[in-house]
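Below is one structure, written out as C-alpha cells; the observations come after it.
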Amino acid sequence: MALLKLIVKIFVSIALLVILFYKTDIRLFLTTITSIGLLNFLLLSAIYIFSQIISSIRWHFVLKSLGENVKSIELLKIYFIGMYANLFLPSIIGGDALKAYILSKKIPLNKSISSIFLERYNGLLALLFVSLISVTLFKSFFKKEIVIMVIAINIFAYFSVYSIKFFTKYSKKLETFFNNIKTFHKSKYFISVSILSLFVQLIVISVYITAGNMLGFRVNYAYYLAFIPIINLISFLPISFNGIGVRESAFVLFFSLANLNKTQSLTLSLEVFFVTVFCSLIGGIIYLVQKSDYKKIARLHKSQSIN
C-alpha cells in the first residue's frame with residue numbers, strides 16, 4: 001500500500017509538470033532560468049543556508065527547554081542530512097525520521113522525537129501566522145474562500161496539538177510526548193523559538209524576492225508576502241512527491257495575479273527549488289564524512305544503555 005501511494009504521488013507530480021510545461025516555451029524557460037548565473041545562484045544558496053542556520057539555533061533552544069543541550073552546529077549537520085534524505089523519501093516525515101534516529105544517539109529517543117515535532121510545529125505556526133497576516137493585509141489579492149480557509153487552518157493548527165491530551169490515557173509514550181509539549185510551551189525559550197520561526201519564514205520569502213529580482217521580474221514585494229506562505233501551505237498537501245508539481249501549479253495560479261506569465265512563474269518556483277536541492281546535497285557530503293562517527297556514537301549509546 002505504501003509503495004502504491006508513492007507511485008501515485010510520483011505520477012501526480014509528473015502529470016502536473018507535464019500539464020504546466022505543455023505549450024510553455026521550453027527554450028525561453030531554459031534561457032530565463034540559466035540567466036541568473038552561478039554567482040547569483042550561490043548567493044541565493046547562501047541566503048537559504050542562513051535560514052537553516054537559524055533553524056538549527058531554534059532547534060537548540062527547543063532541546064534546551066526539554067533539558068537537553070546539543071550544540072547548534074551538530075544540529076545544523078543533522079538538519080542538512082535530513083534535507084538530503086528528503087530528496088529521495090516521499091515526504092518531509094522521512095527526513096525527520098532520520099534526524100530523530102541520529103539525534104537519539106545523543107539524547108533519549110522520546111526527547112529527540114518531541115524536539116523535532118515541536119521545532120516543525122512551531123515553524124508551521126509561524127508560517128500560518130505569516131499567511132494570516134498576509135491574507136488580512138492583502139485580502140484584495142485573494143478570493144473570500146481562500147481567506148476563510150487560511151483563518152480556519154490557523155484556528156485548527158493552534159488548538160489541535162492540545163487534543164493529544166485526550167489520548168494520553170491510552171499510551172504512556174503519548175503521555176510523555178504531550179508532557180514534553182507542555183514543558184516547551186511553559187519554558188523561557190518558547191518566545192525565543194517563536195521569534196526565530198518568524199525570522200526563518202521571512203528569510204525564505206526573501207530568497208524568492210531575491211530570485212525574482214535577479215531574474216528581472218518586476219513584482220511588488222507585497223505579492224511575495226501574500227502568496228509564498230499560502231503556496232508553501234498548499235505544497236504540504238500529501239498528494240504529490242514532496243510537493244513537486246503542486247507547488248509549481250500554485251505559483252502559476254497565484255503569481256498570474258502579479259502579472260507573471262506561466263514561464264516566469266515556473267522559473268521562479270523551480271529556481272528556488274534547485275537552490276534547495278543544491279543545499280540539500282551538503283547533507284549527503286556531511287553524512288559520508290561523518291558516517292563512521294555516527295556509528296561510534298550509536299555503539300557508545302548502546303553500551304551505556306546496557307550498563
| In which sequence would 83, 214 go, from the one with the fewest C-beta neighbours within 10 Å to the one with the most? | 214, 83
| query | Say the dipole of the chain comes from +1 at the beta carbon of Lys and Arg and -1 at that of Asp and Glu; which of 65, 152, 94 then lies farthest toward its positive end? | reply | 65
| query | Where does helix 2-21 land angle-wise versus the long Cα axis of the chain, in degrees 0 to 90, nearest 10? | reply | 20
| query | Relative to the Cα centre, what is the charge dipole magnitude of segment 34-302, using +1 at the beta carbon of each Lys and Arg, -1 at the beta carbon of each Asp and Glu, and rounding to the nearest 20 debye? | reply | 1020
| field | Candidate aspartates and glutamates for bridging to residue 106, where Cα separation is under 17 Å - those fewer than 8 sequence places away on the same chain excluded | value | 68, 74, 96, 293
| Under the rule of -39500 (n - 2.57) per DSSP H run of 4 or more residues, summed and divided by the residues of the chain, what mean residue ellipticity at 222 nm is obtained, to the nearest 500 deg cm²/dmol? | -27000 deg cm²/dmol
| message | Taking 0.36 nm per residue of sequence separation and subtracting the Cα-Cα distance, how much length would be gained by fully extending the chain between residue 169 and residue 138, in nm to one decimal? | response | 6.8 nm
| said: Just to confirm the number: angle between the C-alpha axis of helix 172-186 and the first principal axis of the chain, 0 to 90 degrees, nearest 10? | reply: 70
| Crossing angle, helix 109-137 versus the chain [Cα axis fit, 0-90 degrees, rounded to tens] | 30
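On a full-extension model of 0.36 nm per residue, what is the gain between residue 222 and residue 186, subtracting their alpha-carbon distance, rounded to one decimal in nm? Display every interim value, and only then the final one.
Working: separation 36, 0.36 × 36 = 12.96 nm, distance 3.47 nm.
Taking 0.36 nm per residue and subtracting the Cα distance, the gain is 9.5 nm.
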| When ranked by the protection proxy of mean other Cβ atoms within 10 Å per residue, highest first, what sequence do the peptides 221-228, 187-194, 255-262 form? | 221-228, 255-262, 187-194
| query | Between the DSSP loop rule and a limit of at most 16 other Cβ atoms within 10 Å, which chymotrypsin sites (Phe, Trp or Tyr not before Pro) in segment 43-91 are left? | reply | 88
| query | Over 24 Å between Cα atoms, which of 139/188; 64/105; 71/111; 9/105; 5/262 qualify? | reply | 139/188; 9/105; 5/262
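I'd like the FRET efficiency for residue 3 and residue 278, computed as 1/(1 + (r/R0)^6) with the beta carbon distance as r and R0 of 41 Å, rounded to 0.05.
0.90
Every read-out reported here was derived from the displayed coordinates using simple, explicitly stated rules and does not represent laboratory data. Nothing here was measured: the structure is a model prediction, and the numbers come from that model. Cβ sites come from the backbone with ideal geometry, for glycine too, and all protein chains shown count toward neighbours.
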